[in-house]
Amino acid sequence: MATTTNGGVPSRLRRPHVLILPLPSRGHLLPLLDFSHRLSTRHSVAITVAVAASNLPLLSAFLASTPLAAALPIQIPDASLPENSSHALLAVHLRRLRDPLLSWARSRPDDPPTVVVSDFFLGWAQLLADDLGVPRIVFYASGAFAVAALELLWNGALPLDPKSSVVLDTLPGSPAFPYEHVPSVVRSYVAGDPDWEVVLQGFRLNARAWGAVVNSFDEMEREFLEWLKRFFGHGRVWAVGPVAESGCRGEDRLPEAEQLFSWLDMCPTRSVVYVCFGTMYKPPPAQAAALGAALEASGARFVWAVGADAAVLPEGLEERTAGRGRVVRGWAPQVEILRHAAVGAFLTHCGWNSTLEGVAAGVALLAWPMKADQFIDARLVVDMHGAAVRAAEGAAAVPDPGTLARALADAVDGTKCADVRAKASVLAAAAAAAVEEGGSSRVAFASMSSPAAMSTNAAPSRRRPHALVVPFPSQGHLLPLLDFAHRLSTRHGVVITVAVTPSNLPLLSAFLASTPLAAALALPLPDTSSRPEHSRQLPPGTHHALLAVHLSGIRAPLLSWVSSHPDPPTVVVSDFFLGWAQLLADDLRVPRVAFYGVGAFTVAALEHFWNGSLPLEPSSPVVLDPLPGSPSFPYEHVPSVVRSYVAGDPDWELVREGFLLNSRAWCAVVNSFDEIEGEFLEYLNRLFGHGRVWAVGPVADSGCREEERSSEAEQLFSWLDTCPALSVVYVCFGSMYKPPPAQAAALGAALEASGARFVWAVGADVAVQPEGLEERTAGRGRVVRGWAPQMEILRHGAVGAFLTHCGWNSTLEGVAAGVVLLAWPMKADQFIDARLVVDLHGAGVRAAEGAGAVPDPGALARVFADAVDVGKLADVRAKTSALAAAAAEVVEEGGSSWIALEKMAKELMEWLLDSVDRCEVGAAISLGDKLGNDHTGLTKRSADLSWQYRGNDGGELALWGR
């Protein structure tokens with residue numbers, strides 16, 4: 001599997017990097033991911049799985065369990081296919097990935113793929129491997145008998161004659177099949193059709209692959225595996241199965257599944273028939289009725305996995321078979337069901353995955369093949385191994401219920417089918433032994449991957465990781481990112497460089513003073529006279545997202561700085577508004593961390609909007625149907641950055657492109673915590689497809705703000721010390737908001753009429769304060785001008801409620817303080833945040849809505865009074881306290897946010913160590929390349945590494961550290 005130059009000299013000595021190209025169909029995808037997981041975790045192989053962007057969620061469990069794996073999502077134009085299209089035609093459509101994949105590989109000269117592994121339906125991957133000059137391994141998710149039949153058929157005379165049976169005369173035993181039992185992909189071939197000719201070419205290209213991997217095992221299909229070695233003309237055909245036990249599928253049990261297994265625990269050994277025809281099949285009504293009647297008449301215990309469409313279930317069957325039958329709707333944990341001791345038989349369509357899982361479980365197979373390679377698989381287990389019996393045949397078959405009932409009953413009758421049971425047990429023992437140490441599949445796997453085991457044992461020189469932090473210069477964005485950077489540096493020893501424009505340097509003072517390994521990098525923008533550098537400098541009515549466009553001007557200066565720096569960054573961390581930082585990270589060939597200073601609910605909504613159809617229709621509500629709970633919002637409550645988007649405007653198109661670039665980041669860090677937004681965080685993990693979405697909040701207690709109390713603040717806290725517990729309402733709408741006069745007047749009147757104690761932070765503009773309010777509320781109210789130490793105010797024991805605009809920082813600070821939130825969302829993401837705390841968690845109440853709202857002072861006064869009346873809102877207070885306790889716990893050692901930061905830092909360090917490997921190995925490569933073109937049998941020792949390359953016939957490469 002070593003990559004070589006034309007002269008046979010290894011062009012790379014480093015961790016192997018495998019580009020995986022799956023067919024996005026569950027029966028093909030899962031075994032290929034199982035194989036990739038084993039390849040990576042056993043042999044430290046880096047994995048990149050290329051998928052169409054819409055298929056990213058299919059990789060979630062694999063990516064989460066395979067640390068060296070990443071997803072490469074690629075957009076495919078015109079991705080729709082006609083309904084009921086063959087899988088083979090999907091493969092034709094996916095060949096459009098070839099050019100984007102080629103561009104991607106060529107854009108990363110320091111870490112290109114060293115081998116391509118593709119599903120056998122994707123024969124065009126051979127041309128991609130040829131373009132890249134790397135070997136290709138074709139992965140067969142079918143058994144060796146089916147692979148041999150397909151190779152013979154595709155390389156023979158096509159199309160077949162429907163009136164004649166097909167004799168595979170060169171295969172072991174010269175098996176013959178009626179035309180209807182030939183794999184449907186071959187029977188569907190249309191000579192002269194452009195797409196089908198591409199299919200034909202693709203299957204024929206598989207014979208040119210460097211190696212072939214089959215999800216089977218030697219003891220089950222030895223003669224067909226030997227035939228394939230002769231047919232391909234090389235010995236690189238490896239049976240490495242069964243691969244289904246890799247541990248990378250990660251399906252959680254649903255409550256229904258828990259109930260099912262509790263029921264199975266009560267059933268006698270080998271007394272249950274499991275019925276499943278795969279994830280894609282929906283039996284016609286007559287067939288489902290016959291099967292239901294047979295199950296009912298058999299008297300046998302059964303589990304029927306009907307899939308997502310419960311309409312196939314005969315009416316009343318569950319009631320009539322209560323106590324001895326269970327129906328599974330949706331996803332069924334098939335491997336676990338089959339391995340349960342109570343299950344003794346499996347009525348299956350004989351898809352290869354199901355066949356292999358049944359064989360490995362040692363149950364008697366009741367074969368009902370319907371299409372594809374299923375008739376071949378049934379021939380293997382029924383006729384060649386005697387580990388199964390035929391129950392029915394054909395997708396349209398409607399078996400006699402009585403006959404089928406007897407087959408079901410006999411299969412779990414301990415006195416019958418003894419020979420079948422014995423042979424099933426022998427195959428199961430062989431399947432288990434094959435994947436154990438020293439077993440045939442384990443040995444084959446080691447043989448296949450030995451050329452890829454190229455990582456050095458030498459401990460690479462370590463240097464401290466260095467993060468280039470690029471913040472968005474707006475207080476609500478800047479502070480949480482600096483809090484995060486402070487924790488990353490002080491807890492994990494990461495060097496921090498914060499890149500800002502010169503006018504924003506003062507914003508870093510407290511951070512730099514409290515973070516010893518941090519430094520500031522001041523870079524002026526080109527043509528600074530016309531470009532704002534802070535959100536406060538934007539013209540009225542200009543959305544601050546446009547500031548991100550202006551700030552992209554520091555990308556070129558940053559590249560210049562890095563090129564001359566003795567300790568260049570190993571990671572880029574940027575605010576999510578600065579998607580262009582992804583291009584900077586690409587230029588530097590380092591990972592990027594996208595930092596989200598908003599909640600996961602908002603991140604999910606923004607991803608949905610920016611990847612959808614824009615602009616939105618102002619007259620229609622917006623439904624976020626893929627998100628948990630399918631939340632809907634009126635148009636006015638959609639984040640203003642989305643509503644402000646102007647299609648075709650150059651700056652706004654750059655804004656949109658920036659948000660879309662965030663999905664390419666190596667990871668996403670969110671200032672939130674699992675216990676408040678777990679379902680949205682899980683959604684993001686599925687959406688991004690890499691499993692690296694880390695909730696590390698609340699970050700506001702990092703200790704890097706250290707604002708000194710003003711004399712006015714000292715007086716405020718002295719006054720709060722005299723107030724009863726939970727008796728004060730704190731009012732603040734963030735650092736950017738100035739209420740219009742009518743709104744300010746209504747708010748002042750409400751505070752005055754409420755009779756409640758209050759603190760109102762009015763900001764720098766005291767003109768918003770209604771005249772005479774302070775005098776009229778002397779003794780129970782305080783007005784804070786300028787900067788308010790909000791966290792300290794909220795944490796004071798006297799404060800019981802918080803009237804907030806529901807900006808995320810304020811929301812999270814209020815939640816962490818355990819006060820009742822009085823929600824008055826106005827713009828941006830605030831309506832989403834209000835929905836989260838009020839509707840989803842019940843930890844707040846609505847006070848008003850909208851930036852232009854002028855609430856009724858009397859109604860708002862009652863809200864204030866109730867919020868600090870201990871006799872009211874008891875349920876809200878209880879939920880608020882629970883969230884506050886969770887927020888405190890998650891940032892302590894062992895809490896979810898603490899663990900998330902540990903994992904992120906660990907993976908960053910692993911990336912750094914890998915990059916050191918690449919640099920050190922590169923020196924050995926350069927030395928080796930100077931030795932000439934003829935290196936057969938060469939052994940060479942460099943100053944730091946030994947490497948050996950033998951032969952030009954497929955190659956073998958080994959690398960050791962000194």
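The values are calculated or read from the model by the stated rules, or taken from the named source; none is laboratory data. Everything quoted here is computed from the prediction, not taken from an experiment. Cβ sites come from the backbone with ideal geometry, for glycine too, and all protein chains shown count toward neighbours. Side chains included, ligands, DNA and RNA excluded: accessible areas come from the protein's heavy atoms. Shrake-Rupley method; radii C 1.70, N 1.55, O 1.52, S 1.80 Å.
In the condition set (1) polar (S, T, N, Q); (2) open to solvent by 40 Å² or more (accessible area, probe 1.4 Å); (3) in contact (Cβ under 8 Å) with a residue 12 or more places away in the chain, residue 103 is compliant with all but (3).
Which of the residues belonging to the stretch 127-178 are open to solvent by less than 10 Å² (accessible area, probe 1.4 Å) and assigned to a helix (DSSP H, G or I)? 128, 129, 144, 145, 146, 147, 148, 149, 151, 154, listed by residue number. No other residue among 122, 101, 89 is assigned to a helix (DSSP H, G or I) and modelled with pLDDT of 85 or more apart from 101. Looking for something among the charged types (D, E, K, R) and farther than 18 Å from residue 884 by Cβ - is there at least one such residue anywhere in the stretch 807-829? Yes, the stretch 807-829 contains a residue that is among the charged types (D, E, K, R) and farther than 18 Å from residue 884 by Cβ.
Contact map, the stretch 421-439: first residue basic (Lys, Arg), second residue open to solvent by less than 20 Å² (accessible area, probe 1.4 Å) and outside any loop (DSSP other than H, G, I, E, B), Cβ cut-off under 7 Å, separation 6 or more or different chains; pairs are 421/364.
Any chance the stretch 346-356 includes a residue that's farther than 18 Å from residue 405 by Cα, assigned by the TED database to the domain that holds residue 265, open to solvent by 20 Å² or more (accessible area, probe 1.4 Å) and touching a helix residue (DSSP H, G or I) at 6+ places or on another chain (Cβ under 7 Å)? Yes, some residue in the stretch 346-356 is farther than 18 Å from residue 405 by Cα, assigned by the TED database to the domain that holds residue 265, open to solvent by 20 Å² or more (accessible area, probe 1.4 Å) and touching a helix residue (DSSP H, G or I) at 6+ places or on another chain (Cβ under 7 Å). Does residue 773 meet the test of being closer than 19 Å to residue 716 by Cα, open to solvent by less than 20 Å² (accessible area, probe 1.4 Å), among the hydrophobic types (A, V, I, L, M, F, W, C) and out of contact with any Leu (no Cβ under 8 Å at 6 or more places or on another chain)? So residue 773 does not fit the description; no. Each residue in the stretch 130-173 was checked for being without any contact (Cβ under 8 Å) to a residue 60 or more places away in the chain and within 17 Å of residue 49 (Cα to Cα), and 1 of them qualify. Residues in the stretch 884-899 that are acidic (Asp, Glu) and closer than 27 Å to residue 801 by Cα: 889, 892. What tally of residues in the stretch 832-846 results from selecting those that are buried (at least 24 other Cβ atoms within 10 Å of the Cβ) and in contact (Cβ under 8 Å) with a residue 60 or more places away in the chain? Matching residues across the stretch 832-846 total 3.
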